[in-house]
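Every read-out reported here was derived from the displayed coordinates using simple, explicitly stated rules and does not represent laboratory data. Just so it is clear, the structure is predicted and the values come from calculations on it, not from any experiment. Positions of Cβ are backbone-derived with ideal geometry, glycine not excepted, and every protein chain shown enters the neighbour counts.
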Amino acid sequence: MTKRIVRVVGIVLLICGLIFLGWFIPAKAGWFASDREAMVERYAQPPSRLVTVDGVPIHVRVEGKGFPVVMFHGTGVNLHEWDPLAERLKDDFTVVRLDWPPYGLSGPNPRGYTTPEAARLAGRLLDELGYKRFATVATSNGSNVALTLNAMEPGRVAAMAFSIIPLERPSQTRKVDWKIRAAASFHEAVMPEYHPRIFYRWVFEDTGHKGWTPPDYLVRMMYDMSNLPKAIENQKSYIADNARLFKTTDVGAVAGKVTAPVLLQWCWEDTIISQGPEASVRRFTNTDVKVIEYPHVGHWPMWEIPDRFADDIRGFLKSVDLEGTSAAQADSAAQPDPADGAA
């Protein structure tokens, strides 16, 4: 009986080993990498287009009518993070979305990947599109891109809405799911340029509210874009610069340059930004901040509570004087150093 059990266990382990090698060898060889042309076909159908700005192709999508609202996605994703919100706002506003490098289909950028560079390219893109003034909606590190753009070009932004806003250094002690830690360590050691689709599902589940099931589309989108050639390498470059800035500068000081009305949508089950909203509100020393709190929402409110999230942003934008907000308000904020306040 013992020999039989050992034989069965051995066969099971052999089969598991063969399955692992059947995945590992082609993955290591790069066979699962995303093809750029296929990704353009999948994710950049009209009204998407690629606009070259200072030699850098930028994936941009413009829909709707009315005052322009520019959306800045977060780390690791792209403009399609905003699909639910864009669909709900485009009847009232012109929704402008872009992939800011190093994410999505934008790039490559020979100048490198930093928050100031992403903000600069966004400003140049909006020049190309003819939008002199606009409101912004931003989340996660996209919030820092929007804030840096506002600091670089004072008075251009008429209103700003933020959901996840990393003005302080993100939590260094949050408990990341053990599966993510193990997978990340394995891939960093032997296969740093590729992660399987299940890895991204775990990331969404770990950062959304408890019990949330991320849509398959969202997981596939993150997987596809992250496995484009050099995507992970470029993202690591951006994140390394971001981490350096948090260690060496007062990143949150950039909020003091905002004079436009601000909406802060605080998601209490987001574990990436660990402090409460009060610390972020205090950073906005030259404007008023409206705070809306969501007790049971994580890092992805645009997907977790799409209707309420959109209604709150629409209500905020309609409550402020977008057309009449004077660029002269910017006089109360000092002219920025382009390297100041990036994250």
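To the nearest 20 debye, what is the magnitude of the charge dipole of the chain about its Cα centre, counting +1 on the Cβ of each Lys and Arg and -1 on the Cβ of each Asp and Glu? I would put it at about 1160 debye. Total lysine pairs in the chain at Cα distances under 16 Å, for residues eight or more apart or on different chains: 7.
Which Cα, out of Leu50, Gly208, Ile164, lies furthest along the positive dipole direction of the chain (beta carbon charges, K/R +1, D/E -1)? Positive-end residue among those listed: Gly208. Since only Leu149, Val62, Leu79 are under comparison, the one whose Cα sits farthest along the positive direction of the charge dipole of the chain, derived from C-beta charges on Lys, Arg, Asp and Glu, is Leu79. Is the C-alpha gyration tensor of the chain telling us rounded, prolate or oblate? Criteria: a/c under 1.5 is rounded; beyond that, a/b larger than b/c is prolate, otherwise oblate. Verdict is prolate for the chain. Over region 29-178, all Cα pairs binned in 5 Å intervals from 0 give whole-percent P(r) values of 2, 9, 18, 23, 21, 14, 8, 5, 2, 0, listed from short to long. Summary of packing: across the peptides 254-266, 140-152, 282-294, the per-residue average of other C-beta atoms within 10 Å ranks them, highest first, as 140-152, 254-266, 282-294.
Here the relative contact order of the chain, from alpha carbon pairs under 8 Å that lie six or more residues apart, stands at 20 percent. With both labels modelled 7 Å from their Cα along Cα-to-Cβ, the Val40 to Ser185 distance reads 4.1 nm. By the combined test of axial Cα extent (at least 27 Å) and Kyte-Doolittle hydropathy (mean at least -0.5), the qualifying DSSP H helices of the chain come to 2-28. Distance between the modelled labels on Tyr217 and Ala33, one decimal in nanometres: 2.9 nm (7 Å Cα→Cβ projection).
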